[in-house]
Amino acid sequence: MKITTDDQIFKIHADFCGALANEKRLKIMWLLAQGERSVGNIAQEIGITIANTSQHLRVLRDKGAVLEEKKGQNVIYRISNSKFIKGCRLIREGIIETQRIRSKLFFPEQVLVKLSKSE
């Protein structure tokens, strides 16, 4: 079987998505979309240890999702390409829309109104 450029891109794409397939790493990406931050700042804002944050950042860096820069004593991270955030945002919007449709299918408004009145 001949491996094509498309096959290689699909493999890289899958590996990249695998790096994002973690709740903490998605939170880090979302946070960095607001601007660059130090490891300590990221750890504090998402509520995990600096060591754990560093491990997550290493995965994201190795896949090319974030860039690091040494500034004095701190290592500062930022998103490497704004298209990654746009892609995450589109997926998130699709998930929210799908969840709304699913909840309406499984919980029609009449049922939801009855449930809210009985509380």
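The values are calculated or read from the model by the stated rules, or taken from the named source; none is laboratory data. Because the structure is a prediction, the values reported are computed rather than measured. Positions of Cβ are backbone-derived with ideal geometry, glycine not excepted, and every protein chain shown enters the neighbour counts.
Before moving on, here are some points about what is shown:
- Pairing residues of the stretch 1-29 that are assigned by TED's automatic domain parsing to the domain that holds residue 47 and of a type in the set (Gly, Ala, Ser) with residues that are part of a loop (DSSP other than H, G, I, E, B) and surrounded by 11 or more Cβ atoms within 10 Å (Cβ to Cβ), at Cβ distances under 7 Å and at least 6 apart in sequence or on separate chains, gives 19/63; 19/65.
- Yes/no for residue 58 being under 22 Å from residue 92 (Cβ atoms), outside the structural domain of residue 92 (by TED's automatic domain parsing), out of contact with any Gly (no Cβ under 8 Å at 6 or more places or on another chain) and of a type in the set (D, E, K, R): no
- When residues in the stretch 57-67 are screened for being surrounded by 17 or more Cβ atoms within 10 Å (Cβ to Cβ) and over 18 Å from residue 21 (Cα atoms), 0 of them pass.
- Of all the criteria given as (1) at pLDDT 95 or above; (2) in contact with a strand residue (DSSP E or B) (Cβ under 9 Å, 6 or more places away or on another chain); (3) in the same structural domain as residue 11 (by TED's automatic domain parsing), the one not satisfied by residue 85 is (3).
- Scanning the stretch 1-56 for residues that are outside any helix (DSSP H, G or I) and either of a type in the set (Asp, Glu) or surrounded by 12 or more Cβ atoms within 10 Å (Cβ to Cβ) (or both) yields a total of 6.
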